[in-house]
Amino acid sequence: MTSMRRTVLEWALVVLIAAALTWAAAVALTGGFTLAAGPVRVPSHDVLRPLALAVILFVALSVRFRPRAMACLAIVDVIRRAAVWITLAIAVVVGVTAVKYASFAATGADPYGYVSQAYWWLDGRLAEPEPLVDAFSWRHTERSLAPLGYRPSPDGRHIVPIYSPGLPMMMAIAAAIAGACGPFLVVPVLSGVLVLASYALGRRAAGALVGLAAAILVAASPAVLFQAIWPMSDVPAAAVWTLAVVIALGPGVRAAMLAGGVAAIGLLVRPNLVFVPAAMAVALLVTSGWRRAVAFAAGVAPAAAIIAALNTIWYGAPWKSGYGSLQSLYGFEHLGANLRGYLGALWHSQTPFIFLCVLPLAGVASRRVDRQTRWVLGALIASMWFSYVFYLHFEEWWYLRFLLPAFPAMIVLAVAAAAALIRRLPAHWSALAGAVLVIAVMSAQLQFIRGLGVLIPMRAAEHRYIDVARYVDGALPKNAAILAMQHSGSLRFYSGRLTIRWDWLNESTLPGAPRAIRSEGFHPYAVLEDWELPEVRKRLGLAKDAPLPWPVIARMVSPVGVSVYDADPHLGRSRITPVTIQATHERYCIRPRAPLWK
């Protein structure tokens, strides 16, 4: 073989290997595609085939042209030097994707609770007076007047938030800067910050390549992608706690105090994670002395004081929360179900790869992860799991969101362990093995979330709250009082109408509620989703599948069935042709409507 022919063949193999890996990454990211050239169509939906092709071609290169295979390591150096820029690009893509699919809607309990509370902070309010608490005589009047996301104050004459103040404070700042859409941009922006923080954590733990791989796998995590589209606290908590850990691993007392300050924000976002800063302080005490541990604790302390003060104002005592008593939320009986649920959801959504994180914590495959890093990351992971394994059990996989702040640390340790094991291979083989492993895990994670088919329809489904509220705002009188549960918050936010929670009215009070509402000068209505009807029928004393005693005046059929009823007792069973509420998808960012009943 001539020298020229040899060189051409060598470079041809190198180019084909790079093309196969790029092909595999493209299939992983897109879910597959079909290449068409005239009548020829080449479908590609399996990431394993291009990966296998890359391995086969690399074997041929290694056997026939070993020096050229070793020269391929220069590509690894290029990737290492560009890792931070690659991560920045990934972070931007994740943030933009989150904005694209985000609902931009104050809906249900959590999104409405967080977004509406943001405007309380913007307006300087800590509580909302409830002037109608004496107007109705049914049991739990004060609770029935508090929409989802809120509860009565200890004196029963105000409503106060259930949710912690950290995320609403961030949303209030965003609203002041970017207007009504600002609160909905906080989580997408922080999803990008989470990717960058994961890279920084991986780089500090075991180098730039580990950081890049960790950032890729965090960006492709189903739990991260799913929660990034909701205005909820899970992604913000993960981003803030990961930043706190990155800073805590830096040298000096100042870094420890700054890390404590960032952890304080994390505690404001999720006050129930009180064990996390305590565990991190212990880890710093063991690995770097009491000065850094005290500095970290000093940084966290203001958040503890703020939370204690707010809990006293809102719930009556520093140790109380909006979610209820500790006895109602935590119990040893939840341990088994939560362990099975979390471990099973991790296995299916994150792949078994994530369980490699235990190896560095056990001192195995941890050559490049120093003692302090193992202690701090271990403290974060253990305290995060401890905070939720005794918590109420939920079946859905996406309740992994509770553990999301531990994901970057777990993924970094898993990548570091895999890197340590891969390095036992010949140098040129370790580079290929690392690329194949990252692409394969990323593909499996994206395939999981893609298979659920939830990202695209989620926005349309959430927009139903806005569509129904806009109908109410335009068609119902200002004195409307609406019996609702699922829509109790969104109707207030978008229409300013009074809502009364039917789920706090029992069999003896719900049937007479419309007449009592009418006697106070309000026109009674009801807004109910189809899944709410069986319980409403039961409380009204109706047979299964019996029509409600109120005529339907408006109806949405898709994406979710929602009906608007005129509950005026003077109408009886009048025949009314319902208006069709059309589903729309455009963004609708407004400040909450002023309450029309005050």
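For E128, list long-range residues whose amide hydrogen, built 1.01 Å from N in the peptide plane, is under 5 Å from its own amide hydrogen. The list, which skips near neighbours in sequence, is I159.
Remark: the chain carries a charge dipole of roughly 1700 debye about the Cα centre, counting +1 on each Lys and Arg Cβ and -1 on each Asp and Glu Cβ.
Relative to the dominant Cα principal axis of the chain, helix 208-219 is inclined by about 30°. The simple spin-label model puts a point 7 Å past each Cα toward its Cβ; for L329 and W531 those points are separated by 2.4 nm.
Remark: the A180-R81 segment gains 31.6 nm on full extension, using 0.36 nm per residue and subtracting the alpha carbon distance.
Please compute the per residue accessible area over the stretch 89-179 with all protein chains in place, 1.4 Å probe, rounded to a whole number of Å².
Numbers: 3320 Å² over 91 residues.
With all protein chains present, the stretch 89-179 gives 36 Å² per residue.
Each Lys or Arg adds one and each Asp or Glu takes one away; over the other residues whose Cβ falls under 12 Å from the Cβ of H393, this sums to -2.
On alpha carbon coordinates alone, what is the Rg over Rh value for the chain, Rh being the Kirkwood radius? Mind dumping the intermediate values first?
On the way: Rg = 27.8 Å, Rh = 26.6 Å.
We get a ratio of 1.04 for the chain.
Relative to the longest principal axis of the Cα atoms of the chain, the long axis of helix 455-475 makes an angle of roughly 20 degrees.
Counting only heavy atoms of the protein chains and using a 1.4 Å probe, M169 has close to 50 Å² of accessible surface. What would the Debye equation give as log₁₀ I(q)/I(0) for the stretch 493-535 at q = 0.15, 0.21, 0.26 Å⁻¹, counting only Cα atoms as equal point scatterers? Debye output, listed in q order: -0.43, -0.81, -1.11. For the stretch 169-174, 3J(HN,Hα) computed residue by residue from phi via the Karplus equation (6.51, -1.76, 1.60; θ = phi - 60°) reads 4, 4, 5, 5, 5, 5 Hz, glycine and proline entered as x. Annotation: amide H of Y525 within the under-5 Å range of A481, I482, L483, A567, sequence separation 5 or more or interchain, hydrogens built in the peptide plane.
Just so you know, the Rg over Rh for the stretch 91-135 is 1.21, from Cα atoms, with Rh as the Kirkwood radius.
Restricting the stretch 360-413 to trypsin sites (Lys or Arg not before Pro) that sit in a DSSP loop and have at most 16 other Cβ atoms within 10 Å of their own Cβ leaves R367, R368.
Quick one: longest stretch of the chain between exposed loop GluC sites (Glu not before Pro), exposed meaning at most 15 other C-beta atoms within 10 Å and loop per DSSP? Intermediate results must be reported in sequence, preceding the final value.
Values: sites that count: E395, E396, E507, E520, E586.
In short, 1-394.
Under 26 Å of direct C-alpha separation, and excluding same-chain neighbours fewer than eight residues apart, K478 reaches these lysines: K598.
Our coupling estimate for the stretch 508-524, obtained by passing each phi through the Karplus curve with A = 6.51, B = -1.76, C = 1.60 and θ = phi - 60°, is 8, 10, 5, x, x, 4, x, 5, 5, 5, 4, 5, 9, x, 9, 9, x Hz, Gly and Pro reported as x. Rounded to whole numbers, the Karplus 3J(HN,Hα) couplings from phi for the stretch 354-365 are 5, 6, 5, 4, 6, 5, x, 5, 8, x, 9, 6 Hz, using 6.51 cos²θ - 1.76 cosθ + 1.60 with θ = phi - 60°, and x at Gly and Pro. Dipole check for the stretch 439-598: with +1 at the C-beta of Lys and Arg, -1 at the C-beta of Asp and Glu, and the Cα centre as origin, the magnitude is about 300 Debye. Put simply, the amide H of V579, placed in the peptide plane, has neighbours under 5 Å in A554, R555, leaving out anything fewer than 5 places away on its chain.
The values are calculated or read from the model by the stated rules, or taken from the named source; none is laboratory data. For clarity, every value in this text was computed on a predicted model and none was experimentally measured. In this analysis, Cβ positions are derived from the backbone assuming ideal geometry, glycine residues included, and neighbour counts consider all displayed protein chains. To get the accessible areas, we keep the full protein, side chains included, count just its heavy atoms, and leave off ligands, DNA and RNA. Shrake-Rupley method; radii C 1.70, N 1.55, O 1.52, S 1.80 Å.
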